[in-house]
Amino acid sequence: MKKLSAWLTAIVIALGLGLLAPGSSSAASTCALAWGSLAKSNPAMSAASVTNVRSGKYSCFDRLVVDINGKGTGYNVRYVSNVVQDGSGRPIKLRGGAFLQVTAHSPSYDNATGKATFVPANRSEVTNVSTYKTFRQVAWAGSFEGHTTLGLGVRARLPFKVFTLAGPGNGSRLVIDVAHQW
């Protein structure tokens with residue numbers, strides 16, 4: 001009985017000190033992201049082409065992925081008052097409280113033949129984000145002079161991060177994560 005009492009006392013003290021925490025507190029702390037909302041860029045250019053755009057939902061953020069058929073490391077991602085079409089400069093209509101202009105420093109066409117390597121089925125809804133917590137719309141802004149641009153409408157000006165990943169195979173991916181909250 002003394003051992004059981006000692007164990008219960010130790011558990012109560014550990015809970016009080018925060019050494020043990022219930023599951024919900026642990027889950028909430030995993031969303032404490034140290035991201036910011038300032039522009040992120042890498043000036044590198046690539047002749048590798050954009051081949052796909054896709055998205056995903058995660059517990060703490062929404063993710064946009066631009067697939068590239070080679071090494072693509074250059075990008076410019078920033079909040080803007082209006083996302084504009086490549087070449088013409090015409091504004092793109094987007095849903096959301098804030099807008100990210102996502103530019104991959106890779107074309108969406110083959111440099112040798114000029115043939116398109118990615119053409120969205122719907123330029124206004126490149127990927128379906130209707131059930132996402134942060135994303136409101138992904139729209140095509142075009143590909144011009146070696147750059148491919150997308151408009152990303154988000155719920156509010158939230159922190160984001162940008163990075164590139166190698167693979168699969170010889171390809172690469174430009175990844176944009178936007179947090180659900182500050």
*Is it fair to say Gly89 is touching a residue at least 60 places away in the same chain (Cβ under 8 Å) and over 16 Å from the mean Cα position of the chain (by Cα)?*
no
*All but one of (1) modelled with pLDDT of 95 or more; (2) surrounded by 17 or more Cβ atoms within 10 Å (Cβ to Cβ); (3) of a type outside the set (Val, Ile, Thr) hold for Gln85; which doesn't?*
(1)
*asked:* Just to check your reading of the model, which residue among Arg123, Arg173 is out of contact with any Pro (no Cβ under 9 Å at 6 or more places or on another chain), basic (Lys, Arg) and closer than 14 Å to Leu64 by Cα?
replied: Arg173
*Subset of segment 34-62 that is over 19 Å from Ser130 (Cβ atoms) and open to solvent by 100 Å² or more (accessible area, probe 1.4 Å) - its residue that is farthest from the chain's Cα centre (by Cα)*: Met45
*Within segment 43-86, work out how many residues are free of Cβ contacts under 8 Å to residues at least 24 places away in the same chain and in contact with a Phe, Trp or Tyr (Cβ under 6 Å, 6 or more places away or on another chain).*
1
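The values are calculated or read from the model by the stated rules, or taken from the named source; none is laboratory data. Given the structure is predicted, the values throughout are model-derived calculations rather than measurements. Neighbour counts are summed over all protein chains in view; Cβ atoms, including those assigned to glycine, are modelled from backbone coordinates with ideal geometry. These accessible areas exclude ligands, DNA and RNA; they are computed on the full protein's heavy atoms, side chains included. Shrake-Rupley method; radii C 1.70, N 1.55, O 1.52, S 1.80 Å.
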